[in-house]
Amino acid sequence: MTRAIRDFSNTMPKEAFATVSADVIFASSRFPNYKIGANNLIIDGKDDQKTLSMKEVVAHETALLLEQQKRLSVRDLASKFEKGLAAAAKLSEEARVREAVSLEKHVILKKLRDALEALKGRVAGRNKDDVEEAIAMVEALAVKLSQREGELIQEKAEVNRLTNFLKQASEDAKKLVEEERAFARAEIESARAAVQRVEEALQEHETMSRASGKQDPEELMKEVQEARRIKMLHQPSKVMDMEHELRALRSQLAEKSKRALHLQKELATCKSGEKNPLLYELDGPEALGSILRILRSSDNAPEISEFSVQWYRLLTDGGKKELISGATKQVYAPEPFDVGRVLQADIFSEGQHITLSTTGPIEPAPGLGSYVEALVRKHDTAFNVIISQMSGVDHISESIHVLHVGKMRMKLSKGKTTVAKEYYSSSMQLCGVRGGGNAAPQALFWQVKNGTSFVLAFESERERNAAIMLARRFAYDCNIVLAGPDDRSLSSAAQ
């Protein structure tokens, strides 16, 4: 039997292997990062140095998601989560590819180490040293590859966690989208129902309006008037009852005042001791808003129309007599200037002189002061009037005009037409009508700058006196005193 001995030195000559130079310079101290591409081609990893690592890609995507989370809507957020989930799946796929490549690297390194081990037993000397150094480099590359595999495993775990997180977030976003969509649909349905109700109500209102519009307006007016008449007949208002009671009380008060004045006159006559009583007397309430008349107190007295009459004011301090210009009738209606003063009437006839006077100062009208104070707060007050005379000529038309008493001027108008307008000035005259029958307590005399005069009749004595007091109040604020003809001395004394 022949024994076979393995002796590579005889079978393989040294010249069969090219020697490795000792001064060889490697491009890198680590094993190149090869990749297997299409058609099993090996691709050098240094050609893909710009490719980001898996950790950097995951960190970049996470930062973008956190940055945009606050300003994204629910729909956009769900879309971003879906994109992130797709990116995570892509990263996971890349991780599996890298794991397969790493496994191939281990196989290649193992084969290379085995080849170097086999080569080590066949060479000697300096070449053997080079082979040992190559084996050491291969082992170092194997260690680094193992470390890289550990990092890949950790990155894979992080990618898996991120994938799970993105899946959960995507599901939550989808739920939110569905909830918002359901809420929006409910709101839309509610709005549609409300719009439909409003449209139905409008249609019903239009139908009722058309039905009511078909009725004859005259018939409707008759029905309203008939309803008002029935209401007035069967349900009298409390205001009307109070007005009737107030009128009755006023009439009773006037009768009592008249009786009291008569008693005061009789008492004054008794105190004076006159044996021959006066032939004439003053009749009427001695208060603002009333009318004073000169009447015969005896049947033997001649008619008053045969005599001349002149009315005066007596100031309470000193008893100074002031003539009332134009007051030459047997009747006189006191005006606001007469309040607090005694009125006197002198009767002259063929050498006879008879003097009549009120028993006391003229009293103010109840509640007139507070009424005027309430009107002062307004910028302009309107009174309905009728023009009785214009520049001394009777005015035929009895149409209603409006007298505006303002803070700076007075204006008389009819509708949009202005009859007279005058700012307060020293040439303006304003007073009560001096004479004129039973309507004197409701009428005033107004003369403007150009000489045009008006006699205006008011609806009541209260409004006439309020208009005079209000105009004088506003004029006084403008340093103007409004008075009647030849009343400037009286106004100066009052001021």
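The values are calculated or read from the model by the stated rules, or taken from the named source; none is laboratory data. As the structure is a prediction and not an experimental result, all values here were calculated from the model. Cβ atoms come from the backbone with ideal geometry, glycine included; neighbour counts cover every protein chain shown. Note: accessible area is taken over every heavy atom of the protein model, side chains too, but ligands, DNA and RNA are not part of it. Shrake-Rupley method; radii C 1.70, N 1.55, O 1.52, S 1.80 Å.
The table for this structure:
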{"quantity": "Relative contact order [Cα under 8 Å, 6+ residues apart], the stretch 362-495, whole percent", "calculated": "23"}
{"quantity": "Sites M208 and Q264, calculated FRET efficiency, Cβ-Cβ separation with R0 56 Å, nearest 0.05", "calculated": "0.20"}
{"quantity": "Sulfur and carbon atoms: percent of accessible area, the stretch 312-374 [1.4 Å]", "calculated": "51"}
{"quantity": "Per residue solvent-accessible surface (Å²) - the stretch 330-473, probe of 1.4 Å", "calculated": "47"}
{"quantity": "Accessible area of the stretch 124-170 divided out per residue, in Å², using a probe of 1.4 angstrom", "calculated": "61"}
{"quantity": "Per-selection Rg to Rh, the stretch 370-495 - Cα, Kirkwood hydrodynamic radius", "calculated": "0.93"}
{"quantity": "Packing-based ranking, highest mean first, of 350-358, 149-157 given that Cβ atoms within 10 Å are counted", "calculated": "149-157, 350-358"}
{"quantity": "Computed FRET value (nearest 0.05) for R185 with K128, which takes r as the C-beta separation and R₀ as 60 Å", "calculated": "0.10"}
{"quantity": "Mean Cα-pair separation over length for the stretch 289-370, i.e. relative contact order, pairs under 8 Å, 6 or more apart, %", "calculated": "29"}
{"quantity": "Length gained when the stretch R293-E306 is fully extended (0.36 nm per residue, less Cα-Cα span)", "calculated": "3.1 nm"}
{"quantity": "Surface share of carbon and sulfur [accessible, 1.4 angstrom probe, percent] for the stretch 393-438", "calculated": "54"}
